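Heads up: the structure comes next, in structure tokens.
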Amino acid sequence: MKKKLMDFLSDIECDIASVFIFIMMIIVFVNAMARYIAGLDAAWSYEIVTSSFVLVSMFAAANVFKDDGHIGFEYIVERAHGKLRLVLEWIRNILCTIFFAIMIIYGFDMVASKIQIGLRSAVLLMPSWIIGLMIPLSGILCVIRYYQGYFKKKKAEKEKESEAK
């Protein structure tokens, strides 16, 4: 049940990101053609594409953790052995968790301040907090995906050790 829920959430993340990438491609293409053919420039398209890019990049960052795809986090830890490796894993886990916690806390503070002052985007006059909400939400997703990938890797290591014996 738990695995199915995580797979379902992962699929939703990928589906949403795919839809927004498609929307971005269409808008950029149409805007480029309008500029080239008719000399028109749709300023609103920049806001939509930029906002969509934030959403896609945040979902992608969270999703890559699931499969242990952030190579920089593993480089040193993978080369260590024994107790040093365990210590480095815990340091990495703690530092990543602190980073995501800061991202979540300050992200929600940013959203609250944007709501409080009523900040809106320049062209579409869309509430700015909607775009800003991607930061703390992606922090939450990153924590979930980070530990999902970590425990998946630990389980695979234990299975590999038991097969070797």
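Can you give me the C-alpha center-to-center distance between the range 136-153 and the range 78-134, rounded to a whole angstrom?
Centre-to-centre distance over Cα atoms comes out at 12 Å.
At a 1.4 Å probe radius, carbon and sulfur cover how many percent of the accessible area of the chain?
74 percent
Ignoring ligands, DNA and RNA, how do 35, 79 rank by accessible area with a 1.4 Å probe, largest first?
Numbers: 35 110, 79 140 Å².
In descending accessible area the options line up as 79, 35.
Kindly list the residues of the range 12-31 that lie in the label zone of residue 37, defined by a backbone N under 16 Å from the point 7 Å along the Cα-to-C-beta vector.
Taking a point 7 Å out along Cα→Cβ of residue 37, the residues of the range 12-31 whose backbone N falls under 16 Å are 26-31.
Could you tell me the relative contact order of the range 1-159? Use alpha-carbon pairs under 8 Å, at least six residues apart, and round to a whole percent.
After rounding, I find 27 percent.
In what sequence, largest accessible area first, do 66, 155 appear using a 1.4 Å probe?
Of 66, 155, the descending order of accessible area is 155, 66.
At 1.4 Å probe size, with no ligands or nucleic acids counted, give the accessible surface of residue 87 in Å², nearest ten.
Here the residue's solvent-accessible area equals roughly 80 Å².
The values are calculated or read from the model by the stated rules, or taken from the named source; none is laboratory data. Computed from a predicted model, the values in this text were never measured in an experiment. Here the Cβ is made from the backbone with ideal geometry for all residues, glycine too, and neighbour counts use every protein chain on show. Just so you know, the surface numbers come from the protein's heavy atoms only, side chains and all, with ligands and any DNA or RNA stripped out. Shrake-Rupley method; radii C 1.70, N 1.55, O 1.52, S 1.80 Å.
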